[in-house]
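*Asks:* Below: one structure in structure tokens.
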Amino acid sequence: MIQIGDTTIDLNDPLTLAMVIGAAVALLVVILLMTSLRRAGRATEAMQTVAMQVGRISQDVQSLGHGQQQLAGNIQTVSDAQATAQVNVVQTMEARLAEVQAQVAERLADNALKSARSLSDLQERMKETLSGSSEKTTKSLTELQERLATIDKAQTNIEKLSGDVLSLQDILSNKQRRGMFGEIQLTDIVSKALPSDSYALQATLSNGKRADCLIDLPNPPGPIVIDAKFPFEAYEAYAAAETQAHQQAALRDLGQAVRKHIKDISERYIIEGETADGAIMFLPSEAVYAELHARLPEVVRIGFDARVWIVSPTTCMATLHTMRAILKDARMREQAGEIRKALRLLHRDVEIIGEKAGKLEVHLRQAGDDVSGVLTAATRAGKRADRLDNFDFEELAPDQDPVPIMPPKT
């Protein structure tokens, strides 16, 4: 839009646009006329041609004006039709919108009802779930308390076990205490396997050496010594070795330590004429015993050659049970004479019992006869008493003599 004074020109209006175009054309014509007038002296024919063109342009402008008017009428018709269509569309849309709103309201009402029912069901389920969850929670808390009590008890046991392990470490770290540990374990095993009068603890031999345990076996083989040894340092180094070279070095040290113990036992506790021709070295560790037989069999053979038998707690118990059988057999041989004498006396007692039983049978037979006579006499006495009670004094028949109670002695 263009504002010129109080006049407003709308360029979107077809009529205005046509007028502007006409004015522009007229202005162009004027410019051309002026140009032509200036050049009139030069070319008259050109003026005539321009005049003809101006005429034609004028006709075109008129035709353009008529076309503009027709265009304006068509635009008005289209505008009216568009307005009518818009009104119809708006009315249709309003009706459709009303229907949609009614349907939406109905669906909203149904959804609200369904939501209310679902919410009610959900509340019921929530109540049931919460009730069940409360019971489960209570049960879980009870179980948790029981488990916590169990854990506390286990923790107490673990603390106690830790104390025991620390005590055991203190024992094993001290050589003297470690020796006492082996002796105590040996004493416990021997006391469970053998009678108390068949062994002696810390027995002193004729060479002044004191043995941890001396078992009094009969000859052969004779009393045998059991001495507890525990090469803990060498085995601990072997167990802590990280490389193969360190393991081999620690294994050699372990073998040397065991060889030294074998030599000491062989020299101290095998005395000809006093002890058996062998001795037993007790290792209070199954692990050391297993490693020794698995990795150092030559050391075990050295013990065999020196007549020193290496045992663990398990094999020591088996060996002691074998010794118990030997002791039992020896004691049975020692008591064989007494057993024979007891058997003779037992046989005599059986004979006496047989004689007494025969005499008792005779007496019982006589007692049975006596009892039978007493019953017969009692029966007859009862019958006679009945007759006396009925005043029946019939004379007794000659063959109804009274039966004596006691038969005459022959």
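The values are calculated or read from the model by the stated rules, or taken from the named source; none is laboratory data. Keep in mind that what you see is a predicted model, and the values were worked out from it rather than measured. Counting neighbours? That spans all protein chains shown, and the Cβs are built from the backbone with ideal geometry, glycine included.
*Asks:* Can you tell me how many residues within the stretch 220-267 are among the small types (Gly, Ala, Ser), closer than 21 Å to residue 204 by Cα and within 44 Å of the chain's Cα centre (by Cα)?
*Replies:* Step one: list which residues in the stretch 220-267 are among the small types (Gly, Ala, Ser), which gives 222, 228, 234, 237, 239-241, 245, 249-250, 255, 257, 266.
Narrowing the set further to residues that are closer than 21 Å to residue 204 by Cα leaves 222, 228, 266.
Narrowing further to those that are within 44 Å of the chain's Cα centre (by Cα): 228.
Of the residues in the stretch 220-267, 1 are among the small types (Gly, Ala, Ser), closer than 21 Å to residue 204 by Cα and within 44 Å of the chain's Cα centre (by Cα).
*Asks:* Also, I was wondering about something else. If I go through the stretch 246-282 residue by residue, how many of them are of a type outside the set (S, T, N, Q) and in a helix (DSSP H, G or I)? Before the answer, list the steps.
*Replies:* From the stretch 246-282, those of a type outside the set (S, T, N, Q) are 246, 249-255, 257-265, 267-274, 276-282; that's our starting set.
In the following step, the residues that additionally are in a helix (DSSP H, G or I) were identified as 246, 249-255, 257-265, 267-269.
Summing the residues that are of a type outside the set (S, T, N, Q) and in a helix (DSSP H, G or I) in the stretch 246-282 gives 20.
*Asks:* Please verify whether the stretch 288-298 includes one or more residues that are among the hydroxyl-bearing types (Ser, Thr, Tyr), in contact with a helix residue (DSSP H, G or I) (Cβ under 8 Å, 6 or more places away or on another chain), on the phi < 0 side of the Ramachandran plot and not in a helix (DSSP H, G or I). Talk me through it step by step, then tell me what you get.
*Replies:* The first filter runs over the stretch 288-298 and keeps only residues among the hydroxyl-bearing types (Ser, Thr, Tyr), leaving 289.
From the residues that got through so far, the ones that are in contact with a helix residue (DSSP H, G or I) (Cβ under 8 Å, 6 or more places away or on another chain) too are 289.
Narrowing further to those that are on the phi < 0 side of the Ramachandran plot: 289.
Right, trim to not in a helix (DSSP H, G or I) and you get none.
No: the stretch 288-298 contains no residue that is among the hydroxyl-bearing types (Ser, Thr, Tyr), in contact with a helix residue (DSSP H, G or I) (Cβ under 8 Å, 6 or more places away or on another chain), on the phi < 0 side of the Ramachandran plot and not in a helix (DSSP H, G or I).
*Asks:* On to the next question. Using the structure shown, decide if residue 76 is assigned to a helix (DSSP H, G or I) and at pLDDT 75 or above. Lay out the reasoning, then the answer.
*Replies:* On the way: assigned to a helix (DSSP H, G or I): yes; at pLDDT 75 or above: yes.
Judged against the criteria, residue 76 is a match.
*Asks:* Given the structure, is residue 286 touching a Ser or Thr at 6+ places or on another chain (Cβ under 8 Å), under 30 Å from residue 238 (Cα atoms) and assigned by TED's automatic domain parsing to the domain that holds residue 189? Steps first, please.
*Replies:* Values: touching a Ser or Thr at 6+ places or on another chain (Cβ under 8 Å): yes; under 30 Å from residue 238 (Cα atoms): yes; assigned by TED's automatic domain parsing to the domain that holds residue 189: yes.
So residue 286 passes the test.
*Asks:* Follow-up question, since we're still on this one. Considering only the stretch 278-288, I want to know if a residue exists there that is touching a residue at least 60 places away in the same chain (Cβ under 8 Å), in contact with a Pro (Cβ under 6 Å, 6 or more places away or on another chain) and closer than 30 Å to residue 205 by Cα.
*Replies:* no
*Asks:* Now for a separate question. What pairs come up if the first residue lies in the stretch 326-341 and is farther than 27 Å from residue 224 by Cα, the second is assigned to a helix (DSSP H, G or I), and their beta carbons are under 9 Å apart, counting only those six or more places apart or on different chains?
*Replies:* Final answer for the pair search is 339/332.
*Asks:* A follow-up question, please. Just checking, which of 315, 322 is within 28 Å of residue 247 (Cα to Cα) and of a type in the set (Ser, Thr, Tyr)?
*Replies:* Numbers: 322 fails: within 28 Å of residue 247 (Cα to Cα).
Unique residue meeting the criteria: 315.
*Asks:* Still on this structure, please answer the following. Is it true that some residue in the stretch 325-336 is under 26 Å from residue 263 (Cβ atoms) and part of a helix (DSSP H, G or I)? Please lay out each step first, then the result.
*Replies:* So in the stretch 325-336, the residues under 26 Å from residue 263 (Cβ atoms) come out as none.
No, there is no match, as no residue in the stretch 325-336 is under 26 Å from residue 263 (Cβ atoms) and part of a helix (DSSP H, G or I).
*Asks:* Condition test on residue 249, is it small (Gly, Ala, Ser), buried (at least 16 other Cβ atoms within 10 Å of the Cβ) and either touching a residue at least 24 places away in the same chain (Cβ under 8 Å) or over 19 Å from residue 314 (Cβ atoms) (or both)?
*Replies:* Working: small (Gly, Ala, Ser): yes; buried (at least 16 other Cβ atoms within 10 Å of the Cβ): no; either touching a residue at least 24 places away in the same chain (Cβ under 8 Å) or over 19 Å from residue 314 (Cβ atoms) (or both): yes.
It is false that residue 249 is small (Gly, Ala, Ser), buried (at least 16 other Cβ atoms within 10 Å of the Cβ) and either touching a residue at least 24 places away in the same chain (Cβ under 8 Å) or over 19 Å from residue 314 (Cβ atoms) (or both).
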